[in-house]
Amino acid sequence: MFVARVTGSVVSTQKVGTMTGHKLLIVEPYRLDAANRDQLVTTGRTFVTVDTLGAGIDDMVLVVQGSSARLTPETKDLPIDAMIIGIVDTVSIDRQKVYSRQD
Amino acid sequence: MFVARVTGSVVSTQKVGTMTGHKLLIVEPYRLDAANRDQLVTTGRTFVTVDTLGAGIDDMVLVVQGSSARLTPETKDLPIDAMIIGIVDTVSIDRQKVYSRQD
Amino acid sequence: MFVARVTGSVVSTQKVGTMTGHKLLIVEPYRLDAANRDQLVTTGRTFVTVDTLGAGIDDMVLVVQGSSARLTPETKDLPIDAMIIGIVDTVSIDRQKVYSRQD
Amino acid sequence: MFVARVTGSVVSTQKVGTMTGHKLLIVEPYRLDAANRDQLVTTGRTFVTVDTLGAGIDDMVLVVQGSSARLTPETKDLPIDAMIIGIVDTVSIDRQKVYSRQD
Amino acid sequence: MFVARVTGSVVSTQKVGTMTGHKLLIVEPYRLDAANRDQLVTTGRTFVTVDTLGAGIDDMVLVVQGSSARLTPETKDLPIDAMIIGIVDTVSIDRQKVYSRQD
């Protein structure tokens, strides 16, 4: 899994039938700032994920990829390869907090 | 999943039997322009996908990869690892539209 | 899936039992020439694939990756992650042919 | 699989139901130092994994990705794509130890 | 699949129960030397694989990734994502041998 920030959304009206009603969010994976190791920075990459947890813009989330994205009751048998499995409260690296949702 | 532009097509007459009759489109994944974050730009990569939605050249589409490409009635049990699951109407980033099909 | 050129082959006599008798080809994925968008160029990467279609050196082929490589009668239950599912006749980008097998 | 160092952890209270109670660790994949081939160095990438072995910060671990992360009794049917399957004692390259847990 | 050289091994005593007794080898994927196309060179990447064929240090091997690593009798249901499915005798590119085990 990877930690990513929710930055946007996708609207698609013409789609595979089973996808109707599923919220599609754009996320950007974050990685540790290599120089100072004290904050998370964007990788500049972009993924589209399904969200069932009510995540919002700017939330940091935990994203699962591949067939495991189908391993929840809401996404069973959907043709998806990425979903949000958690909204992140804190990320700690080297015993220091590098992200806190409350900040 | 990722957002990609349909840029072309592939013709293959000599192929695995179950692939007969399936439309093969070339797509280029797009990512957010890192500098200004106000438009989508090509990653320069190229994938081949199966299309069952009638997508056309220049359409922006949503592509799923991996085993989930087999999770639709039309693609069940096909030896494919990528398919178009939606034609994209709009993409919004940071609460701004960075792509609209109508433009 | 991706478009690749067949450039070589691998011989392995000491192998997993079920792999006996399966042809192993080396392929190089091709991508669109980013500058002129009028031809396909090699990515410089190398994969090994199983071939059941009789592809030959220099053929441009369509390669599927992952578990879907096991979704044909000949490759069912094989420990493989890539196979050739079609020999490519033509590739068109931006409504122009960028590859034709006859050339 | 790949060798990675445990560098941190993720806390998420709002998550998919089946993920409750599973420890989430941040790991950084390591690779061989290309110049001298005598030590492992970080790749600078970051993954989130599930841990059931009691790994701690600074431990070097073995991480499996993809659907196989679900192939243990504790992770069966979880929506995860990475887990720790071993805590590494030693890594030897070119017949020399490049990592030892005791050092 | 990809061609890789066996360069080392991993020892892990504290691991997932089903992994007991399985040999873990470090492999470095090789690619064609882009300039002269007459030899294989390391990509500098490192993977850990399961070996059931008795491969040794410096052997060139064929590695399968993903769920297909579980498709042999010895690895069925193991939480692994890479295994050695063959020891390579020769690799030929552009009708020339670029690797031979006997050299």
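Considering only residues that are part of a helix (DSSP H, G or I) and on the phi > 0 side of the Ramachandran plot, which ones fall in segment A:60-77?
Step one: of segment A:60-77, the residues part of a helix (DSSP H, G or I) are A:66-70.
Matches in segment A:60-77: A:Gly66 only.
Residue pairs whose Cβ atoms lie under 8 Å apart, separated by 6 or more positions or on different chains, with the first residue in segment A:32-48 and farther than 17 Å from A:Val64 by Cα and the second aromatic (Phe, Trp, Tyr) and surrounded by 15 or more Cβ atoms within 10 Å (Cβ to Cβ), are A:Gln39/A:Tyr99; A:Leu40/A:Tyr30; A:Leu40/A:Tyr99; A:Val41/A:Tyr30; A:Thr42/A:Tyr30. Could you tell me whether E:Ile57 is in a loop (DSSP other than H, G, I, E, B), among the β-branched types (Val, Ile, Thr) and within 12 Å of chain D (Cβ to nearest Cβ)? So E:Ile57 fits the description; yes.
Of the candidates A:Gly17, A:Gly44, A:Gly21, A:Gly66, the single residue that is within 26 Å of B:Asp38 (Cα to Cα) and of a type in the set (Gly, Ala, Ser) is A:Gly44. Selection of segment D:74-93 for residues being touching a strand residue (DSSP E or B) at 6+ places or on another chain (Cβ under 7 Å), closer than 18 Å to D:Lys15 by Cα and of a type in the set (D, E, K, R) yields only D:Asp81. Looking only at residues in segment B:78-103 that are in a loop (DSSP other than H, G, I, E, B) and at pLDDT 95 or above, which one is farthest from the other protein chains (Cβ to nearest Cβ)? For segment B:78-103, the residue satisfying everything is B:Arg101. Residue pairs whose Cβ atoms lie under 6 Å apart, separated by 6 or more positions or on different chains, with the first residue in segment B:1-23 and more than 7 Å from every other protein chain (Cβ to nearest Cβ) and the second of a type in the set (Asp, Glu), are B:Ala4/B:Glu28; B:Arg5/B:Glu28; B:Val6/B:Asp59; B:Lys23/B:Asp51.
The values are calculated or read from the model by the stated rules, or taken from the named source; none is laboratory data. As the structure is a prediction and not an experimental result, all values here were calculated from the model. Reconstructed Cβ throughout: ideal geometry from the backbone, glycine too, with neighbour counts over all protein chains shown.
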